[in-house]
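The values are calculated or read from the model by the stated rules, or taken from the named source; none is laboratory data. Remember, it's a predicted structure, so these values are computed and weren't measured experimentally. Cβ atoms come from the backbone with ideal geometry, glycine included; neighbour counts cover every protein chain shown. What goes into the accessible areas is simple: the full protein's heavy atoms, side chains included, and nothing from ligands, DNA or RNA. Shrake-Rupley method; radii C 1.70, N 1.55, O 1.52, S 1.80 Å.
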Amino acid sequence: MMTRLVAKGYAQKEGIDYNEIFSPVVKRSSIQILLALVAQFDLKLVQLDVKTAFLHGNLSEAIYIRQPEGYEEKGKDSLFYKLNKSLYGLKQSPRQCRPDISHAVGTISRFMHNPGKVYWEAAKWILRYLHGTRETEICFENNSEGVEKFSIGYVDSDFASDLDKRRSTTGYVFTMAKVPICWRSILQPIVALSTTEAEYMAVAKAIREAIWTLGLLEDLGVNQHKLDVYCDSQSAIYLATYQVHHAITKHIVVRYHFVREVIAEDDIRIKKIAMVDNSTNMLTKVVEIVEVWFEIDYVFLAKLGIQ
């Protein structure tokens, strides 16, 4: 039987016993990119886990804890332990160490504070979908097109689908080794006045992810000189590429116009793609039910004894 000493973190006071409590966890897409590189270059992947990771962190604050019950030293009951290393239970311990349901989950999550029967039914639909696709998995494969096409991005947006605030939804997905490595479906922070503006703001969001992706690949020794991001809105591509629309876009927040500078440097290219071929439709729109029609071979069924 193993016992573990745990601190009573709920008794700590902010500013005295701790300052920051967030955990510096690795980004999911970083792991996906690493797996894609392993598949692309036929590398060997080694995984390891550090047990009792919280116990190795150094503390910058002076933390004292009571002696654990049942383990008090006789004659020294009034003494406390001073921690030299981090301990489970401390608030600062963490700091010391297809995408397919993104749109649905993002939609029902907006009503967590007051869920109704409709959203409860939607949540059960998602669970049934997960149950039905539990055997489905992604498989990293070697990309025969080479490093220049190693990473590809897709971006899309709907227009004013949020009935409460009339905000649009941004969706993007980036693929590597023929599988999605990062994706997102999120409401835009401001109201777009047209479909073009909604698509343009979605492009700006995807471009920032593309910049981060190229930077990480470069740090890992893979130099993909140009990254293509596909968008199904020709007007948004023109708006991101040329300055001729400046007069009608002055009201757009300046932070979205950095896209033009990035595209001008030609490290990231925006390209047109047909709507039916855009992989991000599932991140911005409700997935439609596909009806499958087939002919029944009644003779064959009769041989099997099926009427």
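To keep it simple, each residue is scored yes or no on (1) at pLDDT 85 or above; (2) open to solvent by 100 Å² or more (accessible area, probe 1.4 Å); (3) assigned to a helix (DSSP H, G or I).
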position: Glu209; (1), (2), (3): yes, no, yes
position: Leu217; (1), (2), (3): yes, no, yes
position: Ile237; (1), (2), (3): yes, no, yes
position: Arg255; (1), (2), (3): no, yes, yes
position: Phe258; (1), (2), (3): no, no, yes
position: Arg269; (1), (2), (3): yes, no, no
position: Leu283; (1), (2), (3): no, no, yes
position: Ile289; (1), (2), (3): no, yes, no
position: Phe294; (1), (2), (3): no, yes, no
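Quick check on region 34-48. Is at least one of its residues at pLDDT below 75 and within 25 Å of the chain's Cα centre (by Cα)? Yes, region 34-48 contains at least one residue that is at pLDDT below 75 and within 25 Å of the chain's Cα centre (by Cα). Could you please give the count of residues in region 134-180 that are among the β-branched types (Val, Ile, Thr), over 18 Å from Gln40 (Cβ atoms) and open to solvent by 40 Å² or more (accessible area, probe 1.4 Å)? Result for region 134-180: 1. Being within 21 Å of the chain's Cα centre (by Cα) and either at pLDDT below 80 or buried (at least 17 other Cβ atoms within 10 Å of the Cβ) (or both) is the requirement here; does Arg98 meet it? Yes, satisfied. Of everything listed in (1) modelled with pLDDT of 85 or more; (2) out of contact with any Phe, Trp or Tyr (no Cβ under 6 Å at 6 or more places or on another chain); (3) not acidic (Asp, Glu), the single unmet condition for Lys178 is (1). In region 120-145, the residues that are among the aliphatic types (A, V, I, L, M) reach residues that are open to solvent by less than 100 Å² (accessible area, probe 1.4 Å) and in a loop (DSSP other than H, G, I, E, B) with C-beta atoms within less than 6 angstrom, at least six apart or across chains, in these pairs: Ile126/Ile101.
This table checks each residue for (1) in a helix (DSSP H, G or I); (2) touching a strand residue (DSSP E or B) at 6+ places or on another chain (Cβ under 7 Å); (3) aromatic (Phe, Trp, Tyr).
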{"residue": "Glu137", "(1), (2), (3)": "no, no, no"}
{"residue": "Glu145", "(1), (2), (3)": "no, no, no"}
{"residue": "Trp183", "(1), (2), (3)": "no, yes, yes"}
{"residue": "Leu193", "(1), (2), (3)": "no, no, no"}
{"residue": "Ala198", "(1), (2), (3)": "yes, yes, no"}
{"residue": "Leu214", "(1), (2), (3)": "yes, yes, no"}
{"residue": "Tyr230", "(1), (2), (3)": "no, yes, yes"}
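If you check Asp156 against the conditions, is it under 13 Å from His103 (Cβ atoms) and part of a strand (DSSP E or B)? Yes, satisfied. Do we find a residue being at pLDDT below 85 and either in contact with a His (Cβ under 7 Å, 6 or more places away or on another chain) or open to solvent by 60 Å² or more (accessible area, probe 1.4 Å) (or both) anywhere in region 225-232? Yes, region 225-232 has at least one match.
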